[in-house]
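The values are calculated or read from the model by the stated rules, or taken from the named source; none is laboratory data. Everything numeric in this text was worked out from a predicted model, so none of it was measured. Cβ placement follows ideal geometry from the backbone for every residue including glycine, while neighbour counts extend to all protein chains displayed. Ligands, DNA and RNA are stripped out before the accessible areas are found, and what is left, the full protein with its side chains, is counted by its heavy atoms. Shrake-Rupley method; radii C 1.70, N 1.55, O 1.52, S 1.80 Å.
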Amino acid sequence: MALTHHHSRLSVARIGVVVCEHCDAAYQRRRLLRGEIAYCERCGGEIYRRRKLDVDAMLALTVTALLVLIVANVYPIVTMQIQGTVRDATLLDAVLVTYDTGVALVALLAALTVFLFPLIQLLMLLHVLIAVRMSEPVALFVPVMHTLRAMQPWSMVEVFMLGVLVSVVKLTSLAAIKPGVGMWGFALLTVLLTVLNNFDLDQLWDWGVGDNENEFEEDST
């Protein structure tokens, strides 16, 4: 397996088998140093990489994302002023209005993909990362990891943000629209979730089973 970028020294410890997604070639998974990438010798495709984020950085991002998620849902997304009447709109307001218009399925999907799924995803990440940080066994580790992988595509905060921006542009001709704290919260949440969703769950798996214990010590030297 070809390895490149930033470092040439590798730990020779084997930590399982990894399969190339492009040609199905199987390799013994080896520990990478921070910033290194493993390429397939058969097709040249990227197999996996060692991300620059460590456990502490991931934990900090996850806690921040949870706090931002709460702020984004509690505070108004926009404040509208129509003919002297001022009204704040939160995510819950948007879901209820959508439900009242007769499209309950759309309202349910919005509530799930914008609030519930991101919340569950972040809580699961927090559960794993805290246990890893404390060097404790991760309870229900395997089902949690499988659930995390399955839920990643269903966290659609960025789609919601795009829809809000389109709606705000259309409403500017009818009312005075002022972005609220909730909108800025969702914008920041979109960035945080993008970073977290781009993290290699295989590396989190390695952390959870304790295979990278020596790797952390190596990075700190």
**Item:** Matching entry among LEU92, LEU125, LEU67 (being among the aliphatic types (A, V, I, L, M) and closer than 30 Å to ARG30 by Cα)
**Value:** LEU125
**Message:** Cβ-Cβ distance below 6 Å, separation of 6 or more or different chains: which pairs start in the stretch 110-123 with a residue that is more than 14 Å from ILE70 (Cβ to Cβ) and end on one that is modelled with pLDDT of 90 or more and basic (Lys, Arg)?
**Reply:** none
**Count of the stretch 116-143 residues which are buried (at least 16 other Cβ atoms within 10 Å of the Cβ) and β-branched (Val, Ile, Thr)** = 4
**Complete:** Counting only residues in the stretch 59-91 that are free of Cβ contacts under 8 Å to residues at least 60 places away in the same chain and under 30 Å from LEU201 (Cβ atoms), the one least open to solvent (accessible area, probe 1.4 Å) is identified as ALA60
**Request:** Scan ALA150, ALA94 and give me the residue that is buried (at least 16 other Cβ atoms within 10 Å of the Cβ) and of a type outside the set (D, E, K, R).
**Result:** ALA94
**Message:** Of the conditions (1) within 17 Å of the chain's Cα centre (by Cα); (2) at pLDDT 75 or above; (3) open to solvent by 40 Å² or more (accessible area, probe 1.4 Å), ARG51 satisfies every one except a single condition; which number is it?
**Reply:** (2)
**Request:** Output the number of residues of the stretch 27-44 satisfying the condition of being touching a strand residue (DSSP E or B) at 6+ places or on another chain (Cβ under 7 Å) and modelled with pLDDT of 85 or more.
**Result:** 3
**Message:** Which residue is farthest from LEU92 (Cα to Cα), if the candidates are limited to the stretch 155-193 and must be open to solvent by 80 Å² or more (accessible area, probe 1.4 Å) and not in a helix (DSSP H, G or I)?
**Reply:** SER173
**Prompt:** If you check THR101 against the conditions, is it more than 22 Å from TYR75 (Cα to Cα) and open to solvent by 30 Å² or more (accessible area, probe 1.4 Å)?
**Reply:** yes
**Message:** free of Cβ contacts under 8 Å to residues at least 24 places away in the same chain and in contact with an Asp or Glu (Cβ under 9 Å, 6 or more places away or on another chain): is that true of ALA107 in this structure?
**Reply:** yes
**Request:** Would you mention how many residues in the stretch 151-165 are out of contact with any helix residue (DSSP H, G or I) (no Cβ under 8 Å at 6 or more places or on another chain) and polar (S, T, N, Q)?
**Result:** 0
